[in-house]
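Each remark here refers to the structure printed beneath this line.
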Amino acid sequence: MADFVDHVLLHIKAGDGGNGCASVHREKFKPLGGPDGGNGGRGGDVVLEVDPNTSTLLEYHHRPHRKAPNGKQGMGANRDGATGEDVVLKVPNGTVVKDAKTGEVLVDLVGVGTRYVAAQGGFGGLGNAALASAKRKAPGFALLGEPGDEGDIVLELKTVADVALVGFPNAGKSSLIAALSAARPKIANYPFTTLVPNLGVVTAGDVVFTVADVPGLIPGASEGKGLGHEFLRHVERCSTIVHVLDCATLEPGRDPLTDFDVIEAELEAYGSLQDRPRMVVLNKVDVPDGRDLADLVKASLEERGLQVFEISAATHEGLKPLAFAMAEMVERDRADKPVEEPTRLVIRPKQFGETGFSVRRVNERTFQVTGEKPERWIRQTDFTNDEAVGYLADRLERLGVEEALVNAGAEPGAEVVIGSMENGYIFDWQPTMGARVGGPRGSDNRID
């Protein structure tokens, strides 16, 4: 059974808002107590939060459906409904959130404590006490709660480490990270033993840094061959790249210099990794002929301006100088870049003067109204209550929808769709501009 997952599809549903309450205060000797219906509670959010103790997305692989509780309905005596509790999903540092349909990156969660509201809970409906006004002193209706956001998102983990060990399969990367740190990855004498990145913490003097053992790369990895894209994305966040070259390989057509050129070509083809400092490790010098081959190619690699270390992960030969050289590179990179801060989520207000809706003529007798406010008000309206429908007409008139329909050429009896043409609310439009509200509670003289 897998114990590391770095890519999941998550189905999320925020809580619906509770309905408002339509209630009239009843008390002895107070026949006109007035409206006292409370507001509905807000639905819970689905929130992603970076947790330092979480290193995998395994939990969401097993349970991909997450739903926040709904808000409670308002009650009489001016009692508001309870708010739905937020569902907080812990994710590892370096998690990228994408829209499942479009592939658009919604947010890159970097920094412990960073939070992102993936699905916002619906607002609770207002009770009739909150809807009372000088013209409508005792409303006989309340607003419905709004549905919470719902959708699918993709969580993709890009390992956050200081050093990435890259190389061909079976080059000894897992053995090296096991020798340098307390990590205990699976080690075996066959290619692709490592299928998920292993992280280890290394201490060299006063410097503590993390090393990622990236699964083996092969020619064509930048094009996805051999799960190349799955592996290469874990290199993106690492500040230093260490090539682990096998000096004991018996495969035809392979040698340390050729392996280095192949991996470098794949890193360059993948993109965005050219500026990372490099270091080369010639591994398995304890094997017969391994040291001779390492001595033979070391000068050629140093001529390219690379630091080269001859080591044996099996006997721990040469590990101490290597660890201190890694620490020096990491410390230099940390000094050059600003301190990592949690992702800042920017909220941009709408431009001043926006009407919040638009009117489109579909055909001679059909008009479509779209916009956040009209569509939201439709969701809040109880169409079984005539007075609630009249209140909706008042709101649309104040917003300027009726005037815009007249300007667009709509005539009484025209078909008007509020929302999408597939799922919008359809009604026969009758102008109400200038009409006066009257009639008993729960009714409206504009409604037949």
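The values are calculated or read from the model by the stated rules, or taken from the named source; none is laboratory data. Here the structure is a predicted model, which is why all the values come from computation and not from measurement. Neighbour counts are summed over all protein chains in view; Cβ atoms, including those assigned to glycine, are modelled from backbone coordinates with ideal geometry.
Per-structure values
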{"read-out": "Residue tally, condition crowded, with 23+ Cβ neighbours inside 10 Å and over 30 Å from residue 310 (Cβ atoms), over the range 154-174", "value": "2"}
{"read-out": "Unmet criterion (only one of (1) assigned to a loop (DSSP other than H, G, I, E, B); (2) at pLDDT 80 or above; (3) under 30 Å from residue 113 (Cβ atoms)) for residue 314", "value": "(3)"}
{"read-out": "Selected residue (only one of 113, 81, 124 is touching a residue at least 24 places away in the same chain (Cβ under 8 Å), within 30 Å of residue 26 (Cβ to Cβ), touching a strand residue (DSSP E or B) at 6+ places or on another chain (Cβ under 8 Å) and part of a loop (DSSP other than H, G, I, E, B))", "value": "81"}
{"read-out": "Selection status of residue 305, in the same structural domain as residue 242 (by TED's automatic domain parsing) and at positive phi", "value": "yes"}
{"read-out": "Helices (runs of 4 or more DSSP H) lying entirely in the range 371-413 (those with 3 or more residues that are more than 21 Å from residue 125 (Cα to Cα))", "value": "401-407"}
{"read-out": "Qualifying residue in the range 307-318 (condition: hydroxyl-bearing (Ser, Thr, Tyr), out of contact with any Pro (no Cβ under 7 Å at 6 or more places or on another chain) and farther than 24 Å from residue 179 by Cα)", "value": "no"}
{"read-out": "Qualifying residue in the range 367-389 (condition: hydroxyl-bearing (Ser, Thr, Tyr) and in contact with a strand residue (DSSP E or B) (Cβ under 8 Å, 6 or more places away or on another chain))", "value": "yes"}
{"read-out": "Residues being aliphatic (A, V, I, L, M) and closer than 17 Å to residue 391 by Cβ - total across the range 113-157", "value": "10"}
